[in-house]
Amino acid sequence: MIFAGRNQHKLRELAEILPGVDLRPLPPEVQMPPEDGDSFAANALIKARAATAATGEAAVADDSGIAAVALGGRPGIHSAHYAGEGATDEANLAKLLREVAAAGEERRAAYVCVIALVGGDGEEATFEGRCEGRLIVEPRGEGGFGYDPAFVPDDTGAADERTMAELSAAEKHAISHRGRAARLLAEHLEGAP
């Protein structure tokens, strides 16, 4: 199955979460269309459809991001480029934390991930996972990527102040938005004929 994306962090995470599924990177010559959908599901389907059309093989794609309550759900589908096209993870995170701080006391946020599956036979399905939590003021931790150093998930318990970037890979996969969406995909694949 083709992973319809260029983000090596996501490919590695999905491969770890989906043991037994042969996920291959998108061939370098395949050009992806713009992600101009209005939702995570729409953008994931755009990528998966393009990869299947280009390769003739089943493809999965993920679109994910973080939604801050104080910002009305931003950055949402714009999470990867929040500080501008080509911005680093650090720049995106710094912008988010500045804007959340300026908006007041509300620190609640959720990670959202939608994984789209497009089969070689034209079958299409989407799987959504969420991870609720809160943003801290100062990022901590060396693991993960993106907004992980500032996101404390609810699922580890009220007394656990670790960010997603401070969790082990296994702990993160068990509760993450991507882990939840991938497990729904795995259940779907296991039930397929």
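Since every read-out is calculated from the coordinates, none of them should be taken as a lab result. Fair warning: this is a prediction, and the values are worked out from it, not measured in the lab. Using ideal geometry, Cβ is built from the backbone for each residue, glycine included, and neighbour counts are taken over all protein chains shown.
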(message) Tell me the residue from Asp160, Asp148 that is of a type in the set (D, E, K, R) and crowded, with 19+ Cβ neighbours inside 10 Å, please.
(response) Asp148
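Take the residues of the stretch 32-64 that are assigned to a loop (DSSP other than H, G, I, E, B) and of a type in the set (Asp, Glu): which is farthest from the chain's Cα centre (by Cα)? Spell out how you get there, then give the answer.
At the first step, the residues of the stretch 32-64 found to be assigned to a loop (DSSP other than H, G, I, E, B) are 32-39, 56-58.
Remaining after also requiring of a type in the set (Asp, Glu): 35-36, 38, 57.
Working: Glu35: 14, Asp36: 17, Asp38: 16, Glu57: 22 Å.
For the stretch 32-64, the residue satisfying everything is Glu57.
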(message) I'm checking my understanding of the structure. Among residues of the stretch 166-193 that are among the charged types (D, E, K, R) and under 17 Å from the mean Cα position of the chain (by Cα), which one is farthest from Asp89 (Cα to Cα)?
(response) Arg183
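Looking at Leu93, is it free of Cβ contacts under 8 Å to residues at least 60 places away in the same chain, within 18 Å of Arg108 (Cβ to Cβ) and surrounded by fewer than 21 Cβ atoms within 10 Å (Cβ to Cβ)?
Working: free of Cβ contacts under 8 Å to residues at least 60 places away in the same chain: yes; within 18 Å of Arg108 (Cβ to Cβ): yes; surrounded by fewer than 21 Cβ atoms within 10 Å (Cβ to Cβ): no.
In short, no.
Name the one entry in Thr163, Thr88, Thr156, Thr126 that is under 26 Å from Ile46 (Cβ atoms), over 15 Å from the mean Cα position of the chain (by Cα) and of a type in the set (S, T, N, Q).
Working: Thr163 fails: under 26 Å from Ile46 (Cβ atoms); Thr156 fails: under 26 Å from Ile46 (Cβ atoms); Thr126 fails: over 15 Å from the mean Cα position of the chain (by Cα).
Checking each option against the conditions leaves just Thr88.
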(message) Suppose we keep only residues that are basic (Lys, Arg) and part of a helix (DSSP H, G or I) within the stretch 82-132. Which one would you say is nearest to Ala48 (Cα to Cα)?
(response) Lys95
(request) Could you tell me whether Val60 is under 17 Å from Arg178 (Cα atoms), β-branched (Val, Ile, Thr), surrounded by 14 or more Cβ atoms within 10 Å (Cβ to Cβ) and in contact (Cβ under 8 Å) with a residue 40 or more places away in the chain? (result) yes
